[in-house]
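A short write-up of the structure that comes next.
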Amino acid sequence: MSISETTLAGLVRPDSVHKAVYTDPGIFELEMQRIYGRAWVYVGHESQVPRVGDYVTARIGDQEVVLVRAADGQVRVVYNRCPHKGAKIVPDGAGNAGKFFRCSYHAWTFKLDGSHLAAPLKMGLEGTSFCAGDPQFSMAPLARVESYRGFVFASQCASGPDLRSFLGGAISSLDNFCDRSPEGEVEVAGGTFRVLQRSNWKVFYENLHDTMHARVTHQSSVEAARAECEALGEKPFELLIMDGNGEPYEFWEKLELRAYHFGHGYMEGIFDPAAATRDPVSKAHFEVLAAAHGEQRAREILGMNRHNTVIYGSGSPHTVFQQFRVIRPLAVDRTMVEIQLFRLKGAPDAVFDRALTYTNLINSPSSNVMPDDVEVYARCQQGNATRGGDWVSMHRYHGTDRELPDGMVSSNGTSELPMRNQFAAWKQWMLDTGATAPLAPQEARRAAA
């Protein structure tokens, strides 16, 4: 489907967006080319492929890729395709390829970096244009691959900013994620949940920093948690984390919303020094961190009160409970969310057990909380398919956001700044097919106008 630049430009206003950005299959196809075809996207974590030959499959937009530990010990990312007949080399999931990849169709083999190794009965290829050293006969590598503290990102575009520049201010969340380990390292553990959402991929990103919805959308689980607490006469951790969505609006208004270039951001509460010692698990965690880094630094690490960081195009790392919700678009109205759980190396087992509890109670398909969100996302998709209106509002506190050298900050924790920032980035990617550098904050805002 051909969509003009003028049409694309008219889909984003400073305070609203046209519903077509969520419902038009042609726009989705362009997003796969212009956003996912150029941006840095999280593929997986190095701990998922600890040994040579270990691999895990993933998606970058509409492309299926393989993260693999190559013979030189480095991680590589290659497209999951045999250059002979186009067959998928490895099935979805994880495994160990041994010393090389082998296609199950005609037994063409490839080194772990994807380069051509051998083909059966090669004499049949003699005298043809086949050449083992020609890249077209190898598993194609992605244009760029970089790892930051174990988190592996890849870009399908050979040009553009490096990974650190792309992540900008959001990189501090990955730092805090790893710094919570006394060894400074984390590893994927405990399995991965997958939730299929019948909605456009951008809806989840918007909701991550939508502080107005929590006490409304999750009312039933909040009321159930509070009723159980009253019956028990106490508030155990399992109920405390469910009750948190019921905080009054005054609580949410005090949060700070940060918005960075390329659509990234996070929401953060006031620095909380008491987080280090408020319960037995936190105290045990603080003790091992203090032994490694000193008490002051340990308090700084655990006191960072950050929630739902957005790495636009990749997903949302949650530092406190050691998760990464990876957002994979499948179609204009289908999105797969993978919830990866991490272990902090060197931290007490109770810290991982607490994160596991949080994951099961809040983010698993069978939780009492996530289904609320999934239902509302689907309703947004269904509602935007009707003729009931064309524009989606993002008006809250528009015009009050404060500019910073590297982005913007909200004047109120219930501002819709994050949504506006995401669509400023979306518009930049979609309109400027050659753009590789971030716009200055004021330029990004003008671009959305």
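Only the coordinates and a few stated rules stand behind these numbers; no lab work does. Computed from a predicted model, the values in this text were never measured in an experiment. Heads up, the Cβs are rebuilt from the backbone with ideal geometry, glycines too, and the neighbour counts pull from every protein chain shown.
At-a-glance table
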{"item": "Separation between Cα centres of segment 36-106 and segment 138-177, rounded to whole Å", "result": "16 Å"}
{"item": "For Arg226, Arg34, order by how many other beta-carbon atoms lie within 10 Å, fewest first", "result": "Arg226, Arg34"}
{"item": "For Asp113, distant residues with modelled amide H under 5 Å away", "result": "Ala71"}
{"item": "Amide H contacts under 5 Å for His106, placed H, 5+ residues apart", "result": "none"}
{"item": "Ile311, Ile35 arranged by Cβ crowding within 10 Å, fewest neighbours leading", "result": "Ile35, Ile311"}
{"item": "In order through segment 160-173: 3J(HN,Hα) via Karplus (6.51 cos²θ - 1.76 cosθ + 1.60), integer Hz, x for Gly, Pro", "result": "x, x, 6, 4, 4, 5, 5, 5, x, x, 5, 5, 5, 6"}
{"item": "For the chain, calculated [θ]222 nm from helices alone, where every DSSP H run of n ≥ 4 adds -39500 (n - 2.57)", "result": "-8500 deg cm²/dmol"}
{"item": "Computed over segment 287-392: relative contact order in percent, which uses C-alpha pairs under 8 Å that are six or more apart", "result": "13 percent"}
{"item": "Sequence-separation-based contact order of the chain, relative, with Cα cut under 8 Å and 6+ spacing, percent", "result": "20 percent"}
{"item": "Linear extension gain, Val281 paired with Ala118, 0.36 nm per residue minus alpha-carbon span", "result": "53.3 nm"}
{"item": "Bins of 20 Å from zero: percent of alpha-carbon pairs in the chain", "result": "23, 55, 20, 2, 0"}
{"item": "Distribution of pairwise C-alpha distances over segment 41-148, 5 Å bins, in %", "result": "2, 13, 24, 25, 18, 10, 5, 2, 1, 0"}
{"item": "Calculated from backbone phi, Karplus (6.51, -1.76, 1.60) coupling profile of segment 357-367 in Hz, x at Gly/Pro", "result": "4, 4, 4, 5, 7, 10, 10, 7, x, 9, 6"}
{"item": "Overall dimensions of segment 174-213 as given by Cα atoms, namely Rg and Dmax in Å", "result": "15.1, 40"}
{"item": "Estimated FRET transfer efficiency (Met212, Phe271; beta-carbon r; R0 22 Å; 0.05)", "result": "0.35"}
{"item": "Computed over segment 41-148: relative contact order in percent, which uses C-alpha pairs under 8 Å that are six or more apart", "result": "22 percent"}
{"item": "Convex hull volume per residue in cubic angstrom - Cα atoms of segment 1-53", "result": "140 Å³"}
{"item": "HN-Hα J in Hz across segment 69-74 - Karplus 6.51, -1.76, 1.60, θ = phi - 60°, x for Gly and Pro", "result": "8, 7, 5, 7, x, 8"}
{"item": "Residues Trp252, Trp429 arranged by fewest to most Cβ contacts within 10 Å", "result": "Trp252, Trp429"}
{"item": "Cα gyration tensor, segment 225-347 - rounded (a/c under 1.5), prolate or oblate", "result": "oblate"}
